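The values are calculated or read from the model by the stated rules, or taken from the named source; none is laboratory data. Remember, it's a predicted structure, so these values are computed and weren't measured experimentally. Cβ coordinates were reconstructed from backbone atoms using ideal geometry, including for glycine residues, and neighbour counts include every protein chain displayed.
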């Protein structure tokens with residue numbers, strides 16, 4: 001009887017270890033979606049970056065039809081710098097809602113997903129807050 005119970009327990013363990021969730025689970029950790037919007041051209045770019053890959057979608061720019069989308073391995077230094085900015089600017093704790101959605105020039109909308117919560121920040125071009133100018137330059141280079 002004891003042997004049947006152990007066999008059944010072992011079988012359940014093996015079946016759980018081979019479930020589809022193991023193969024389709026999203027990348028663990030931080031993922032940031034960045035939307036840069038500007039004037040009449042709409043979204044200049046949409047970038048989704050996590051530790052494993054960075055995808056760029058430039059098709060939203062209605063003024064430039066030659067742009068497309070791409071996916072590449074994330075540069076570790078870039079990912080670490082992004083994470084540093086999130087902590088330095090307290091983007092996990094402070095709330096930025098100063099976008100006029102392109103009325104003031106360029107707007108940066110960040111959706112931060114750290115695996116436990118999703119935070120949306122809207123940083124306007126005119127915001128002169130501490131470190132935001134350098135952060136916007138960083139986002140533009142992405």
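Checking each residue in the range 115-142 for being touching a helix residue (DSSP H, G or I) at 6+ places or on another chain (Cβ under 7 Å) and crowded, with 18+ Cβ neighbours inside 10 Å picks out 123, 135.
One residue stands out among those in the range 86-100 that are within 19 Å of residue 126 (Cβ to Cβ) and surrounded by 15 or more Cβ atoms within 10 Å (Cβ to Cβ): the one that is nearest to the chain's Cα centre (by Cα), which is 91. Of all the criteria given as (1) at pLDDT below 80; (2) touching a helix residue (DSSP H, G or I) at 6+ places or on another chain (Cβ under 8 Å), the one not satisfied by residue 112 is (1). Listed by first and then second residue, the pairs linking a residue in the range 75-100 that is within 24 Å of residue 54 (Cα to Cα) to a residue that is at pLDDT 90 or above and in a loop (DSSP other than H, G, I, E, B), with Cβ atoms under 6 Å apart and 6 or more places separating them unless they lie on different chains, are 79/51.
At pLDDT below 90 and surrounded by 12 or more Cβ atoms within 10 Å (Cβ to Cβ): is that true of residue 83 in this structure? Write out each step before concluding.
Numbers: at pLDDT below 90: no; surrounded by 12 or more Cβ atoms within 10 Å (Cβ to Cβ): yes.
Judged against the criteria, residue 83 is not a match.
Within the bounds of the range 27-49, is there any residue that is loosely packed, with under 10 Cβ neighbours inside 10 Å, at pLDDT below 65 and farther than 19 Å from residue 134 by Cβ? Checked against the condition, which is being loosely packed, with under 10 Cβ neighbours inside 10 Å, at pLDDT below 65 and farther than 19 Å from residue 134 by Cβ, the range 27-49 yields no hits at all.
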